[in-house]
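This report refers to the structure that appears directly beneath it.
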Amino acid sequence: MPWIRFTADFDFRPSRRLTLAYRTGATLLVPTAAADAAEAAGAGRRVPKPSPQAGDEHERP
């Protein structure tokens with residue numbers, strides 16, 4: 001599962017009944033299939049794992 005920084009809004013449909021919506025500017029750990037699809041669509045790029053910032057250890061996105 002790679003880290004991706006989304007450069008545009010992107011909807012990933014892993015199945016007919018599910019759509020995962022990713023927002024522009026989000027940096028997230030996503031399934032490899034979602035990362036591949038986002039890169040192919042020009043909506044994101046792989047990035048290294050972000051380092052935690054002070055005070056972020058207990059916060060969730």
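Filtering the range 9-33 to residues that are in contact with an Asp or Glu (Cβ under 8 Å, 6 or more places away or on another chain), polar (S, T, N, Q) and under 26 Å from residue 52 (Cα atoms) leaves only 24. Only residues that are surrounded by 10 or more Cβ atoms within 10 Å (Cβ to Cβ) and more than 13 Å from the chain's Cα centre (by Cα) were counted across the range 3-21, and they come to 3. Considering the conditions (1) in a loop (DSSP other than H, G, I, E, B); (2) open to solvent by less than 70 Å² (accessible area, probe 1.4 Å); (3) modelled with pLDDT of 95 or more, residue 24 is excluded by exactly one of them, (2).
Within the range 34-50, residues that are farther than 14 Å from residue 13 by Cα sit with their Cβ atoms under 8 Å from residues that are in a helix (DSSP H, G or I) and among the acidic types (Asp, Glu), at 6+ positions apart or across chains, in these pairs: 45/39; 46/39.
The values are calculated or read from the model by the stated rules, or taken from the named source; none is laboratory data. For clarity, every value in this text was computed on a predicted model and none was experimentally measured. Note that we place each Cβ from the backbone using ideal geometry, even for glycine, and neighbour counts take in every protein chain shown. Accessible surface is based on the protein model in full, side chains and every heavy atom, while ligands, DNA and RNA are left aside. Shrake-Rupley method; radii C 1.70, N 1.55, O 1.52, S 1.80 Å.
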